[in-house]
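Worksheet: the structure to be examined is printed underneath.
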Amino acid sequence: MISPKAQSPQLERRQALVDVRLFMQRRSAVVGAIIMLVMIGISLFGPLIAPYQPSLPDYAHILAAPSWQHLMGTDEFGRDILSRILWGARLTLSVGFIGAFASAFLGTPIGLATAYFGGWLDDIVMRIVDVVLSFPGILLAIGVIAILGPGLQNVIITIIVFGVPMFARIVRGSAISLKNLEYIEAAKAGGATNGRILFQHMLRNLVGPITVQLTLQMAQAILVASSLGFLGFGAQPPTPEWGAMLAEGRMFLTIAPWVDIFPGVCIFLAVLGFNMVGDGLNDMLDPRLRR
Amino acid sequence: MGAYFLRRVLQIIPTIVGVSILAFLFVRAIPGNPAVIMAGPNASAATIRALTIQFGLQKPLIVQYWYFITNAATLHFGNSLGDGQPVTKIIGYHFMPTVELAFFGLGLAIVIGVLAGVLSAVKRNSPLDYTVMTLSMMGVSFPAFWLAMMLIALFAVHFRMLPSGGDSGWTSFILPVISLGTSGAASIARFTRQSMVTTLTSDYVRTGRAKGVRESMLVFKHAFKNALGPIITIIGIQFGFLLGGAVVVEVVYAWPGLGNLLITSVESRNYPVIQTLLLLFAMEFILASLLVDIAYALVNPRVRYD
């Protein structure tokens, strides 16, 4: 993928087919993709298939063990855990999607520009990136929450604050290797504007690494969002966010472990799915492993 | 080596200055008058005035920053808002428990991660390799706080083998250290395998094998030594994750460390403590990266001449 991509649409289509076949050859990537698709499906249609209302208390069935009536049991208010998980999926996944895509959207141009123009712009921007990334991920998030206050919206902001410099650094790293290639020289000689070189010629060939980072970033975002939810800094009860559900259920760990098992399994599976896909894409794009 | 060392130390100065500016701006970024917010809803005018003077909030920003760094250089970070104790003293109470937890967590991650990674690379494409790689993929995907809860449910509640929280004797270390070290071990295993596969398939290892060098010698002396660079790098990165992970793990185990202090400080809006903790964590991370770079240069003399 380091070599410039073919420009003709037919060749591009053939390349896409090869890419798909390479991806399908990796069993773990396919398993990851299936998990990912199921999660996306749940987040789209979960509320339609949920057997109960997610916030409806049922004081006759408090902390009921899993049964045919309540497949994953009920929590301390008698709320159906399966229904809450099905409703909560869209919260978790949309935080991941919005956080990762916004980070990519803002970070990619910064990475491209610093790599291409170099000089003082590169020096200053990369120092700022170093400074922000000197704060270990979740600690930066907690710091931002301390300023903005808790809430799901602010969780997304914290993910972007960390994601933008991350993307800028990674895109810059890949873009630098493209900068001196002949086809960029040729485009320059042909009179292409800087904007055209950056967003047409360079960005096209960075789609691979950006996609990999996007998937891994989603996994990270889901982890961070659920950790913040667990700490009480994210979505607030009674919102059925998975991390917040775990925080509520923590008190009943000894008597009703199902309250804590199922939301955790879902976070784990969502993160696992995105990680496996990102990993598979990464291997696929690695020219050394490509055959 | 000396010149490289010096250059690397000088390079972190702008980062440290940047981090201190960010930590300084942290309290200023709170919307509204910082002194009023810090003083709390029922504060008297005198308290607000005292806080304004403590943080120099009536002076220009650049002067305030100067106050901040000169005070920080002598470890004066102001007083905690709740009980009025010096922040340095409060952090001092909570410092060692976190250091111990991080030390054992990272130790566990390195030992398991490097061993598993080397084994996986040597026996690559074997069932053992697939098992290790599957487990490590799962390991990096576990939310640390959930793993911590499940371990409590299993070993503290169900089997009653280990304490479920607090810091009392060596047994109380076992569960927090496992919760903290798992994802690090998984990451390190993946990178170690990758790095070892690269060196094990390189020409000099093939030549060594052709010359009849013993396999164990090839793996440990030739391949491992050359694979060490990237492994050290990932260990440094893991240290940062570990500091973050320690926060949530400490909360689950009611561990009397800096993570718990951070969370209670955020909940009670104790900004001087939060600010100092952020600065401290960032400094530790910068220092760890510096040590990693120096270790890298020691095992791989080529980087020193770049």
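Tabulated data for the structure shown
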item	result
In the stretch A:113-149, residue farthest from the chain's Cα centre (by Cα) [restricted to those that are more than 8 Å from chain B (Cβ to nearest Cβ) and acidic (Asp, Glu)]	A:123
The listed residue being out of contact with any strand residue (DSSP E or B) (no Cβ under 9 Å at 6 or more places or on another chain) and within 13 Å of chain A (Cβ to nearest Cβ), out of B:88, B:98	B:98
Only listed residue being touching a Lys or Arg at 6+ places or on another chain (Cβ under 7 Å) and at the interface with chain B (Cβ under 9 Å from one of its Cβ atoms), chosen from A:283, A:260	A:260
Check on residue A:253, farther than 30 Å from residue A:149 by Cβ, surrounded by fewer than 24 Cβ atoms within 10 Å (Cβ to Cβ) and at pLDDT below 90	no
Of all residues making up the stretch B:228-270, the number that are of a type in the set (Phe, Trp, Tyr), more than 28 Å from residue B:297 (Cα to Cα) and within 11 Å of another protein chain (Cβ to nearest Cβ)	0
Residue check, residue A:22 of a type outside the set (Ser, Thr, Tyr), surrounded by fewer than 16 Cβ atoms within 10 Å (Cβ to Cβ), in contact with a helix residue (DSSP H, G or I) (Cβ under 9 Å, 6 or more places away or on another chain) and part of a helix (DSSP H, G or I)	no
Some residue of the stretch A:66-86 being without any contact (Cβ under 8 Å) to a residue 40 or more places away in the chain, within 21 Å of residue A:255 (Cβ to Cβ), part of a loop (DSSP other than H, G, I, E, B) and acidic (Asp, Glu)	no
Criterion: over 28 Å from residue A:218 (Cβ atoms), in a helix (DSSP H, G or I) and within 13 Å of chain A (Cβ to nearest Cβ) - qualifying residue of B:103, B:145, B:155, B:173	B:155
Tabulated pairs, the stretch B:213-241, first in contact (Cβ under 8 Å) with a residue 12 or more places away in the chain, second exposed (fewer than 14 other Cβ atoms within 10 Å of the Cβ), C-beta under 7 angstrom, 6+ apart or interchain	B:222/B:204
Answer from B:117, B:139, B:78 - the residue that is within 21 Å of the chain's Cα centre (by Cα) and either surrounded by 14 or more Cβ atoms within 10 Å (Cβ to Cβ) or of a type outside the set (Gly, Ala, Ser) (or both)	B:139
Conditions (1) in contact (Cβ under 8 Å) with a residue 60 or more places away in the chain; (2) surrounded by 16 or more Cβ atoms within 10 Å (Cβ to Cβ); number of the one not met by residue B:47	(1)
Filtered residues of the stretch B:158-168 (kept if among the polar types (S, T, N, Q) and within 12 Å of chain A (Cβ to nearest Cβ))	B:164
Evaluation of residue A:39 against (1) more than 17 Å from the chain's Cα centre (by Cα); (2) surrounded by 21 or more Cβ atoms within 10 Å (Cβ to Cβ) (one fails), failing number	(1)
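For every residue, the table says whether it meets (1) crowded, with 18+ Cβ neighbours inside 10 Å; (2) within 14 Å of chain B (Cβ to nearest Cβ); (3) over 15 Å from the mean Cα position of the chain (by Cα).
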residue	(1), (2), (3)
A:179	no, no, yes
A:184	yes, no, yes
A:191	no, no, yes
A:196	no, no, yes
A:201	yes, no, yes
A:214	yes, no, no
A:221	yes, yes, no
A:229	yes, yes, yes
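Results for (1) under 22 Å from residue B:259 (Cβ atoms); (2) in contact (Cβ under 8 Å) with a residue 24 or more places away in the chain; (3) among the β-branched types (Val, Ile, Thr), shown as yes or no for each residue.
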site: B:85; (1), (2), (3): yes, no, no
site: B:91; (1), (2), (3): yes, yes, yes
site: B:95; (1), (2), (3): yes, yes, no
site: B:98; (1), (2), (3): yes, yes, yes
site: B:108; (1), (2), (3): yes, yes, no
site: B:112; (1), (2), (3): no, yes, yes
site: B:117; (1), (2), (3): no, yes, no
site: B:120; (1), (2), (3): no, yes, no
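The values are calculated or read from the model by the stated rules, or taken from the named source; none is laboratory data. Small disclaimer: the values here were computed from a predicted structure and weren't measured. Using ideal geometry, Cβ is built from the backbone for each residue, glycine included, and neighbour counts are taken over all protein chains shown.
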